[in-house]
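**Q** Submitted below is the structure of interest, expressed as structure tokens.
The values are calculated or read from the model by the stated rules, or taken from the named source; none is laboratory data. Quick caveat, the model's predicted, so the values are computed rather than measured. As a convention, Cβ positions derive from the backbone with ideal geometry for all residues, glycine included, and neighbour counts pool all protein chains shown.
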Ligand code: PXG
């Protein structure tokens, strides 16, 4: 059965959910997006994702022709129409159809698209054994050039790093910022544990403010674990006791090796597994 895709207020069969070749989302990557998850038919942190979508749009001077409440309702509608229980949702707002020039003022109206589909997860063994990743030579976008806080349709910065990771046999890759500090991975935030303290780069390291990152910080604090958002170097990752990545698709995934250096024991650490379990309880409990 064909999926129903939400496009500009209507739910249409996937084959009919199309955008123009003149859409500036295609021509220039001029648009914003979100990736969300549903668990048991309930969308995890829907309002937070929608808020981030609107903040991304505001940062690129794109006015979404719906209120945030209407966008939330449309997202729920797309999930319900496809009878999705555990799934992945991609919300996209493009600048819309324009001319073959950069000027966004020539674009008629933004295109609002919501795709609710099945989720493709990392293989189970990666969660059991932990990830081995490399540091990419591709630095994260300079915040003054294109802020990593904006989840824009131009993901080439991340894709170039991902290609480098894949060429090295890794499904993820670490990206440093313009100062040589640890930023984040291509589609995940990074955490390490050192002497029982949870460490993660601050937003001003030039990273996306991950919603899974926020949830994990809250979970850790509620469990009495000290959390510090501090600048980190590759060295801090190499010498950490434990590490893990967070993201909507990956959830909480252990990190066991960076650039051939074993992190901690080389096995998913106890605090990581504890946080992973708490995150699982939160999502499956539906909050
Ligand atoms: N950093 C970047 C650069 C991201 O794109 C995250 C961190 C994690 O954020 P959330 O809010 O999801 O906890 C992301 C996530 C995928 C995929 O298929 C993930 C993202 C974008 C596109 C695809 O894993 N963003």
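**Q** Which numbered condition trips up residue 14, out of (1) under 30 Å from residue 172 (Cα atoms); (2) out of contact with any strand residue (DSSP E or B) (no Cβ under 7 Å at 6 or more places or on another chain); (3) away from the ligand (no atom under 16 Å from the Cβ)?
**A** Residue 14 satisfies every listed condition except (2).
**Q** If you don't mind, another one. Regarding segment 69-80, can at least one residue be identified that is within 20 Å of residue 285 (Cβ to Cβ), modelled with pLDDT of 95 or more and outside any helix (DSSP H, G or I)?
**A** no
**Q** Out of all the residues in segment 235-253, which are closer than 17 Å to residue 195 by Cα and in contact with a strand residue (DSSP E or B) (Cβ under 6 Å, 6 or more places away or on another chain)?
**A** Once the filter is applied, which keeps residues that are closer than 17 Å to residue 195 by Cα and in contact with a strand residue (DSSP E or B) (Cβ under 6 Å, 6 or more places away or on another chain), segment 235-253 yields 237, 238, 240, 241, 242, 243, 244.
**Q** Within segment 45-61, restricting attention to residues that are in contact with a helix residue (DSSP H, G or I) (Cβ under 8 Å, 6 or more places away or on another chain) and in a loop (DSSP other than H, G, I, E, B), which residue is farthest from the ligand (Cβ to nearest atom)?
**A** Ranking the qualifying residues of segment 45-61, first place goes to 61.
**Q** Let me ask you something else. Which residue is surrounded by the fewest Cβ atoms within 10 Å (Cβ to Cβ), if the candidates are limited to segment 33-51 and must be over 11 Å from the mean Cα position of the chain (by Cα) and more than 16 Å from residue 251 (Cβ to Cβ)?
**A** Step by step, filter segment 33-51, then rank; the result is 47.
**Q** To continue, here is another question. Output the number of residues of segment 227-267 satisfying the condition of being assigned to a strand (DSSP E or B) and either under 14 Å from residue 126 (Cα atoms) or more than 15 Å from the ligand (Cβ to nearest atom) (or both).
**A** So the answer is 17.
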